[in-house]
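Below is one structure, written out as structure tokens; the observations come after it.
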Amino acid sequence: MCAQTDGHLHHYRLDASGWTHLTIFGTGVDSAPCLIEGTYGAHDEVGVGNFELCVAVGGTIEHWWRYNAGLGLWNRSAVFGTGVRRVIGLLQSSFATNLEIIVENQDGTYRHWWRDTGGWRIGPTI
């Protein structure tokens, strides 16, 4: 996964024959994305979970996901935050399996965000 100078996200996959370009999605992307394979959709510890991606776009954060057991489309599920320069890290925590991110704000501070069943929540400035 990468953000290219055209402002879009580009999804590539490596297989035995080399890198294959799968799709382009998103628009106005300002920074590199953070991507993980989460547990949603995995039925056990060896199952395939969704890809979860967060990226800065126009000072906001976009969350995208993709069902990872096939060649499904990327789905933007949320746009949130203001004054964001880039997403630094993304993880799925052991606290209720929430997604958590750290972002760098345009003023140089860092902020924690997390997603629970109620959506994305703003955390403290670090």
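Residue by residue through the range 70-84, note down the ones that are closer than 24 Å to Thr23 by Cβ and open to solvent by 80 Å² or more (accessible area, probe 1.4 Å).
Once the filter is applied, which keeps residues that are closer than 24 Å to Thr23 by Cβ and open to solvent by 80 Å² or more (accessible area, probe 1.4 Å), the range 70-84 yields Leu71, Leu73, Arg76.
Among the residues of the range 68-99, write down those that are under 13 Å from the mean Cα position of the chain (by Cα) and in contact (Cβ under 8 Å) with a residue 24 or more places away in the chain.
Of everything in the range 68-99, those that are under 13 Å from the mean Cα position of the chain (by Cα) and in contact (Cβ under 8 Å) with a residue 24 or more places away in the chain turn out to be Trp74, Arg76, Ala78, Phe80, Arg86, Val87, Ile88, Gly89, Leu90, Leu91, Gln92, Leu99.
Can you give me the number of residues within the range 44-56 that are in contact with a strand residue (DSSP E or B) (Cβ under 9 Å, 6 or more places away or on another chain), open to solvent by 20 Å² or more (accessible area, probe 1.4 Å) and more than 16 Å from Asn98 (Cα to Cα)?
1
Yes or no: the range 4-27 includes at least one residue that is farther than 17 Å from Tyr67 by Cα and under 13 Å from the mean Cα position of the chain (by Cα).
no
Provide a single number: the residues in the range 8-29 that are farther than 30 Å from Ala96 by Cβ, touching a residue at least 40 places away in the same chain (Cβ under 8 Å) and outside any strand (DSSP E or B).
0
Yes/no per residue for (1) at pLDDT 95 or above; (2) open to solvent by 80 Å² or more (accessible area, probe 1.4 Å):
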residue: Ile24; (1), (2): yes, yes
residue: Val29; (1), (2): yes, no
residue: Ala42; (1), (2): no, no
residue: Gly58; (1), (2): yes, no
residue: Trp64; (1), (2): yes, no
residue: Asn68; (1), (2): no, no
residue: Arg86; (1), (2): yes, yes
residue: Glu104; (1), (2): yes, no
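Restricting to the range 71-108, and then to whatever is among the small types (Gly, Ala, Ser) and in a strand (DSSP E or B), can you tell me which residue is nearest to Glu52 (Cα to Cα)?
Per the criteria, the residue is Ser77.
The values are calculated or read from the model by the stated rules, or taken from the named source; none is laboratory data. This one's a predicted model, so the numbers in the text were calculated from it and none came from an experiment. Here Cβ is always computed from backbone atoms with ideal geometry, including for glycine, and neighbour counts include all displayed protein chains. Surface areas here come from the heavy atoms of the whole protein model, side chains and all, with no ligands, DNA or RNA. Shrake-Rupley method; radii C 1.70, N 1.55, O 1.52, S 1.80 Å.
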